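Written out below as structure tokens is the structure these notes cover.
Nothing in this text is a laboratory measurement; each read-out follows from the coordinates by a stated rule. Quick caveat, the model's predicted, so the values are computed rather than measured. In this analysis, Cβ positions are derived from the backbone assuming ideal geometry, glycine residues included, and neighbour counts consider all displayed protein chains.
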């Protein structure tokens, strides 16, 4: 099968993660069906101009996620459709545990001994993952808070935030970041940050950020001449929103800005839309403003970010490696 894949060599997302992301997208859109055979690793690697190991890693991770099935001597196929993916995961997990229990019982160990080992192993893994500390960097506090929160939820590790300007002003940037196992840098700032943290380049990880799909849809639906107000703590966030407004609607009028903490004082006459930072719509005390905006017919929504799935896959791989190193030591 000639898969319609196109890799971007300039993307911050690793090649194997791009392959995973695109094959998953083809399955979700119905362009790949259960039972369809994927190209052999060597053939796909030659067509995409990547190492065979890159395709091999992508296929292995797709198989772990039960999106494809590998058959010795026959190839790799799109997995059979299942009505309940979560049940499928539970079934596979229970099966793996059952096989491990059978092996332990064959060695004449008691259920109590097996249970104590399981608890110990789980606790060791939890402690190893919980002990991973990452530093997230970005140029504005709004985006920094948003992507730090998402990655902390997705990855289950401790993430601290720092503005890029604070890092640049440090006498010893690398020394200040040394206590962290990973430093997460948005692609837009990687070239600026990498020279400052050259001694710890192995711990730098690029993260691709983009507005959430719902945010893009809402911005794209705005009239080009609508009066838009951005509530923010920084002018940089206003500039980011302004660029997306221009890209998606073709508007040339820059959005107005109001300090987030003075949102309640905003006069709504003539205002079409108010865009809030990520998570700001849940702040206590803003209910009165939201009610006033609703009564005036003013649309209010948060500018939500999302970390691209390819970046999350890559970070999960890095974290798994750190956990394994700690368990082995």
Quote to one decimal, in nm, the extra length available between residue 66 and residue 127 on full extension: 0.36 nm per residue of separation minus the C-alpha distance between them. 19.2 nm
Ellipticity estimate at 222 nm from DSSP helix runs (n ≥ 4, -39,500 (n - 2.57)) divided over the chain, nearest 500: -15500 deg cm²/dmol
Just for the chain, what percent of DSSP beta bridges are antiparallel, to the closest 5? 25
For labels at residue 100 and residue 296 in the simple 7 Å Cα→Cβ model, what's the distance in nm? 5.8
Helix 85-106 versus the longest principal axis of the chain: what is the Cα-based angle in degrees, 0 to 90, to the nearest 10? 40
Roughly speaking, what is the centre-to-centre gap between the stretch 101-162 and the stretch 17-61 when only Cα atoms are used, to the nearest Å? 29
Mean shadow area of the stretch 15-78 over all directions, Cα convex hull, nm²: 3.9
Just to be sure I understand the model, the point goes 7 Å from the Cα along the line to the Cβ. What's the resulting residue 178 to residue 5 distance in nm? 4.1
Over the stretch 1-160, what is the percentage of antiparallel beta bridges among all DSSP beta bridges, to the nearest 5? 60
Quick one: Debye curve from the C-alpha atoms of the chain, no solvent, what's log10 I(q)/I(0) at q = 0.11, 0.16 Å⁻¹? -0.93, -1.35
